[in-house]
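Okay, so here's the structure we're looking at.
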Amino acid sequence: YVSGNRSFNWVNSFALSADWLLTAGVDAQHQSINADDGFGGLYARQRKVKAVFAGIQGQHGPHSVQLNWRNDRVEGVKAESTGFIGYGLAFNPQWKLTASTSSAFHIAPLGYLHAPSFGNALLQPEKARSHEIGLQWSQEASVLRATVFETESRNLFEYDNATSRFENVARTRNSGLEISFSGKLGSTEVRASVTSQNPRDLRTGQALNRRADTLAALSLTQAIGAWQLGADMTHTGSRRDDKRQLASYAVVDLRARYVISRELEAYGRIENLFDTQYQTVYGYNQAGRGLFMGLSWRPKF
């Protein structure tokens with residue numbers, strides 16, 4: 001099938017003072033899908049999606065606040081408003097406590113609803129509420145953050161192997177802890193994170209399909225003269241896929257960039273350096289080792 005999306009987005013920001021910023025805007029989309037089931041059945045669907053949003057953020061002394069509101073109107077679906085409330089308290093220049101609560105609204109893509117064979121026109125929009133509390137340490141360009149989170153969802157989209165289409169999961173919860181770091185160790189730029197979570201179907205108590213309890217990522221970047229060298233590693237723990245268990249895996253990528261001139265750069269990358277064999281969906285092997293090289297030209301006018 002072929003899908004399309006024409007969109008218009010307008011955002012305007014107003015500086016109310018040196019410490020406070022007001023943002024407002026609109027978002028309009030015309031989404032379409034044209035599909036052929038291979039047996040002479042043709043499907044053509046389209047819908048309009050409109051949204052207005054606004055937010056304010058700023059600080060007063062050690063206190064920082066962010067408030068956001070959004071209203072979505074989708075053809076055939078009841079209008080829905082969502083929001084975000086965030087607060088931060090700086091104890092001193094290095095330490096900061098953060099907390100937030102938010103709601104989310106997600107409509108099913110047209111393919112989930114109407115694609116031949118696996119479309120489900122009865123899918124309801126996802127709705128979620130999230131809460132976070134975190135502690136952050138920062139010094140110069142380095143930031144270390146620990147965040148405890150919990151998200152409860154209704155009508156979560158999940159592919160059902162029994163029906164071969166997407167279905168709604170009535171109620172789910174995911175809670176856990178994420179620790180992340182970004183900054184420099186010596187002259188090396190470092191980004192790292194590890195997440196321990198517990199994504200569950202509240203009806204059955206089972207783990208959600210294809211969602212791991214443990215996630216980790218590490219990125220290193222080193223500049224040497226005209227060269228920029230980097231390495232990226234991602235780890236995903238084992239997870240359930242219906243009645244089967246997908247094995248955990250780790251993938252390492254390498255990247256390099258060389259500045260030839262102000263306008264011309266050469267780059268290359270090796271994906272899946274160790275040719276790791278893994279599956280994100282049972283029965284579908286992911287790509288093995290790959291080598292990519294190219295030139296990037298950015299003319300100055």
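The values are calculated or read from the model by the stated rules, or taken from the named source; none is laboratory data. Quantities reported herein were computed from a predicted structural model and do not represent experimental measurements. Cβ sites come from the backbone with ideal geometry, for glycine too, and all protein chains shown count toward neighbours. Accessible surface areas use protein heavy atoms only, side chains included; no ligands, DNA or RNA. Shrake-Rupley method; radii C 1.70, N 1.55, O 1.52, S 1.80 Å.
Element breakdown for the stretch 42-137 at a 1.4 angstrom probe: carbon and sulfur atoms account for 57% of the accessible area. The string of couplings for the stretch 278-286 from the Karplus curve (6.51, -1.76, 1.60, θ = phi - 60°) is 7, 10, 9, 9, 4, x, 10, 6, 8 Hz, one whole number per residue in order, with x for Gly and Pro. Residue-wise HN-Hα couplings along the stretch 259-266, as the Karplus relation 6.51 cos²θ - 1.76 cosθ + 1.60 with θ = phi - 60° gives them from phi, are 7, 7, 8, 4, 9, 10, 9, 9 Hz; Gly and Pro carry x. Along the stretch 230-245 the Karplus relation, 6.51 cos²θ - 1.76 cosθ + 1.60 evaluated at θ = phi - 60°, assigns HN-Hα couplings of x, 9, 10, 10, 10, 10, 10, x, 5, 7, 7, 10, 6, 9, 10, 10 Hz to successive residues, with x for each Gly and Pro. Residue ranges 3-10, 179-186, 234-241 sort as 234-241, 179-186, 3-10 when ordered by packing (mean number of other C-beta atoms within 10 Å per residue, highest first).
Summing +1 for each Lys or Arg and -1 for each Asp or Glu among the other residues whose beta-carbon sits under 9 angstrom from that of Ala170 gives +2.
For the residues Val49, Val26, a 1.4 Å probe over the protein chains yields an accessible-area ranking, largest first, of Val26, Val49. A 1.4 Å probe run over the stretch 38-188, with the rest of the protein chains in place, finds 59 Å² accessible per residue.
Orientation-averaged projection of the stretch 9-144 equals 11.3 nm² [convex hull of Cα atoms, one quarter of hull surface area].
Translational diffusion of the chain was estimated from the Stokes-Einstein equation, with Rh taken as the Kirkwood radius over Cα pairs; at 25 °C and 0.890 mPa s the coefficient is 106 µm²/s.
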